[in-house]
Amino acid sequence: MILASGSPRRQELLKQIGIDFVGLSSNVSEEIEDGILPSDAVNILAERKAQAITLANPDSLVIGADTVIALGNEILGKPHTVAKAREMLKKMSGRTHQVITGVCLKCLNKNVNEVFNVVTDVTFNQLSEDLIDRYIKTGEPLDKSGSYAIQEKMGPVLVKSINGSYSNIVGLPLYEVVTILRELVNKKT
């Protein structure tokens, strides 16, 4: 099995549940045309990532995944600047957003192409200017979609509640992935 991702978080999630895999970065474009719904965007990108790896590995089952943070139909990407991180965190303060992960399980030679997504609702606490400043000073928000990571040092302080899969927020909805893997194994037997 191949995980089409260089994400240490996704790799750690699969290791946690004892799945043997090789991690390979797909290095595909993550550009999506304007106007695409977040749930469609993650499915397109997950399939694009899996496809890139499966072409060179047609006998292997490949897992591609992509996660976005959506506030309504707006995708909140990686901020890269302090100003953008501050803007995103203020926008999400006291509100509920969605973490959407698209997953593609693909194997060319076995005609497998399962694409789905999982949505988790995350509600933020009211974030004070001081808390936002302290969080930004950690450097954590700058390379994270939506400017936060729930599993990192200060991430949990931002979150009031979640409704849905915790592992989805981290980057891979494990229950759903394992369920599909079981179905694929049962089809073979």
| field | Among the candidates Val122, Val170, residue that is in contact with an Asp or Glu (Cβ under 9 Å, 6 or more places away or on another chain), in contact (Cβ under 8 Å) with a residue 12 or more places away in the chain and among the hydrophobic types (A, V, I, L, M, F, W, C) | value | Val170
| field | Residue tally, condition farther than 16 Å from Pro173 by Cβ, of a type in the set (S, T, N, Q) and modelled with pLDDT of 95 or more, over the range 25-53 | value | 1
| request: Kindly state which helices (runs of 4 or more DSSP H) lie completely within the range 91-175 and contain at least 1 residues that are over 24 Å from Gln16 (Cβ atoms). | output: 129-137
| field | Ala41 under 26 Å from Leu184 (Cβ atoms), touching a residue at least 12 places away in the same chain (Cβ under 8 Å) and under 16 Å from the mean Cα position of the chain (by Cα) | value | yes
| task | Looking only at the range 152-189, count how many residues are at pLDDT below 85 and basic (Lys, Arg). | result | 3
| note | Within the range 132-173, restricting to residues that are among the small types (Gly, Ala, Ser) and in contact with a Phe, Trp or Tyr (Cβ under 7 Å, 6 or more places away or on another chain), the one that is nearest to Leu13 (Cα to Cα) is Ser165
| said: Looking at the range 104-119, can you tell me whether even one residue there is more than 20 Å from the chain's Cα centre (by Cα), under 22 Å from Glu30 (Cβ atoms), without any contact (Cβ under 8 Å) to a residue 40 or more places away in the chain and surrounded by fewer than 21 Cβ atoms within 10 Å (Cβ to Cβ)? | reply: no
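The values are calculated or read from the model by the stated rules, or taken from the named source; none is laboratory data. Being a predicted model, the structure only gives us computed values, none of them experimental. Every residue, glycine as well, gets a Cβ built from its backbone with ideal geometry; the counts of neighbours run over all protein chains shown.
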